[in-house]
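Heads up, the thing below is written out as structure tokens.
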Amino acid sequence: MHFKESDFLTDSYFLEWVYRPSKELEAYWQEVITTVPQQRENIANARLYLQSTAFVTHTPTDETIDASWERHLDNIQQLTETKPVLRRVLLRVAAVLTGILIIAGAWFMLHSRGEDQMVASTGFGELKHVLLPDGSWVDLNANSKITYKNREVWLEGEAFFDVKQLSQQFLVHTKDLTVTVLGTVFDIRQRRSKTEIVLQSGKIKLSFKNSKAGDIIMNPGQLVSYNREHQQSETISTSPEKFSAWKNQRLILMDPKVSDILIYLEDNFGKKIIMEDPELNNRMVNGPILISSLDDALFVLSTVLNTEIVKRDSTTIVMRSRGDQ
């Protein structure tokens with residue numbers, strides 16, 4: 001049995017240990033780490049993640065804690081009975097099979113429209129690692145699509161590019177602009193009326209379809225944001241690694257308001273998220289948000305804001321302050 005960081009982040013007994021530590025809790029989790037040493041790194045990362053995020057304390061019920069305690073005792077028993085050698089072999093086989101499936105999936109998707117034009121896309125909450133015919137790699141974020149032909153890419157959504165064969169021109173088109181690659185690794189996010197480009201290495205040129213905006217040559221560490229409604233662009237310095245943290249299922253925005261986070265989640269998971277208290281939309285949230293799933297992200301936000309999650313229907317989620325009727 002193998003736990004992920006998200007398993008600990010959503011466990012009430014683990015949260016109790018991080019936010020309301022006691023001798024009993026400390027002894028229990030140290031016993032877990034000793035009994036299951038392969039989980040030491042995940043436990044440490046999950047604990048550090050929670051401590052780096054500004055939370056409002058929420059104490060789980062006694063029934064929830066007792067259920068979590070029993071579940072952990074059962075899981076530890078199963079882990080101690082598993083043969084370590086067999087587990088390592090199975091994990092290696094799973095990793096190899098996963099790699100084969102990713103490559104095969106990318107190949108068939110890219111060839112879905114014949115040899116001349118190739119298409120790859122992702123659904124809500126899905127990420128893909130795509131190999132282009134010229135050897136370039138594209139990490140495609142959720143709810144995104146690329147169409148490739150003769151070293152030209154048409155992008156809808158967000159993608160991270162690692163371009164090869166730099167002696168040949170490579171172009172990326174969005175609704176608002178064209179990126180001319182001059183040898184580079186970069187991220188493009190095109191959502192709603194806004195396009196953002198972050199350059200990690202190399203150099204790129206931006207050519208705007210709006211004639212009022214002149215071309216921009218970008219250098220590493222720069223972020224260019226273009227607003228279609230106002231037909232204006234802004235250039236600032238940023239951390240490319242943080243901007244592209246979505247590749248590792250993390251969301252790290254610059255000084256984000258809650259409303260910015262909710263918009264990102266809506267675009268990537270295809271749900272309408274309503275904050276009943278409009279004042280909470282302007283709250284700032286420090287620390288990364290886990291986006292391995294929508295449930296994980298909403299769990300973190302609901303704890304930060306002391307709200308509860310109400311699923312109104314299959315497409316609408318309401319965040320309501322605790323205690324409100």
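The values are calculated or read from the model by the stated rules, or taken from the named source; none is laboratory data. Everything numeric in this text was worked out from a predicted model, so none of it was measured. Glycine also receives a Cβ, built like all others from the backbone with ideal geometry; neighbour counts cover every protein chain displayed.
A few comments on the model shown:
- Residue, modelled with the lowest pLDDT, within segment 102-137, restricted to residues that are crowded, with 18+ Cβ neighbours inside 10 Å and touching a His at 6+ places or on another chain (Cβ under 8 Å): A106
- Among (1) farther than 30 Å from Q168 by Cβ; (2) crowded, with 17+ Cβ neighbours inside 10 Å; (3) out of contact with any Leu (no Cβ under 9 Å at 6 or more places or on another chain), the one test that Q232 misses: (2)
- Taking segment 19-36 as the range and being modelled with pLDDT of 85 or more and either of a type outside the set (D, E) or part of a loop (DSSP other than H, G, I, E, B) (or both) as the test, the residues that pass are P21, S22, K23, L25, A27, Y28, W29, Q30, V32, I33, T34.
- Residue within segment 169-183 that is among the β-branched types (V, I, T), crowded, with 18+ Cβ neighbours inside 10 Å, assigned to a helix (DSSP H, G or I) and touching a residue at least 24 places away in the same chain (Cβ under 8 Å) present: no
- Strands (runs of 3 or more DSSP E) enclosed by segment 221-325 - at least 1 residues per element that are free of Cβ contacts under 8 Å to residues at least 40 places away in the same chain, out of contact with any Ser or Thr (no Cβ under 9 Å at 6 or more places or on another chain) and not acidic (D, E): 232-237, 307-311
- Unique match (being in contact with a Pro (Cβ under 6 Å, 6 or more places away or on another chain) and surrounded by fewer than 23 Cβ atoms within 10 Å (Cβ to Cβ)) among S193, S201: S201
- Each residue in segment 16-45 was checked for being within 17 Å of L290 (Cα to Cα) and in contact with a Ser or Thr (Cβ under 8 Å, 6 or more places away or on another chain), and 0 pass.
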